[in-house]
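Notes follow the structure.
The values are calculated or read from the model by the stated rules, or taken from the named source; none is laboratory data. Quick caveat, the model's predicted, so the values are computed rather than measured. Because the Cβ atoms are built from the backbone with ideal geometry, glycine has one as well, and the counts that use them run over all protein chains shown. These accessible areas exclude ligands, DNA and RNA; they are computed on the full protein's heavy atoms, side chains included. Shrake-Rupley method; radii C 1.70, N 1.55, O 1.52, S 1.80 Å.
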Amino acid sequence: VTVTQTNSFGCDSTTTRIITLLPKPTPVITGPASICKLTSGTYSVPAVAGNTYSWSVTGGSINGPSNTNSVTISWGNFPSGVVTVTQTDASGCDSTVNRNVTLYPYPVPVITGNTSNCQLSAGTYSVPNVVTDTYVWTVTGGSINGSPNASSITVSWSAAASGTVTVTQTNPLGCDSTVTLNVT
C-alpha cells in the first residue's frame with residue numbers, strides 16, 4: 001500500500017507498506033453424502049495445527065464437542081441434512097463450507113400370509129418386492145422350502161402349536177428393517 005501526503009505548501013512525502021496476504025483455510029468435509037435416517041455418521045476436515053473449528057448441522061444433532069476437526073452426527077427423520085464447518089487459522093482468516101447429506105428411509109416390509117395354518121402343512125409368506133433390496137427370512141416352528149433370500153417363501157410347518165416368520169429387508173445403502181409375523 002503506497003500513500004503520498006502533500007501539505008498546503010506543496011511539500012510531499014510518499015511511504016509504502018508491504019502487506020502479506022494470507023490464504024484462507026480450505027476445509028473439505030469428508031463423510032457420507034448418503035446415509036440412513038436415524039443413524040450416525042462421522043464428518044471431518046483435515047486437522048491443521050493452530051486452527052479452530054466450529055461445526056453446525058441441520059436435520060440432525062452433533063454428539064459431543066463441535067469444536068474439533070471431526071464430529072459425529074445423529075441424523076433425524078428428515079429427507080436431507082446439511083453439515084457446516086467454519087475453520088479459522090491463527091491469523092483469524094476463516095472459511096465456511098457445507099456438505100449436503102441425503103437421508104434415506106428404512107424399508108417398511110409388511111408380511112402377508114396366513115396367520116393360522118394346519119400343523120404339518122405349508123404356507124406362503126411374502127413382502128412387496130423391491131428389486132434393489134435384499135431379503136433374509138427365518139422361521140421358527142417350521143422350515144423354509146427353497147431360498148430364504150427372495151421376497152416370498154414357502155414354509156413347511158411342523159407339529160408345533162405356533163411359529164414365527166421373520167424377514168429382514170435391506171436397501172442398497174444398508175438401511176434395514178426386521179418384522180415378525182406370529183403364526184398359530
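Tabulated data for the structure shown
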{"item": "The chain, relative contact order [Cα under 8 Å, separation at least 6], %", "result": "17"}
{"item": "Unpaired by the 4.7 Å Cβ criterion, cysteines found in the chain", "result": "11, 93, 118"}
{"item": "Per-residue SASA entry for residue 158, accessible area with 1.4 Å probe, Å² rounded to 10", "result": "40"}
{"item": "Segment 105-152-segment 1-77 distance, computed between alpha-carbon centres (Å)", "result": "52"}
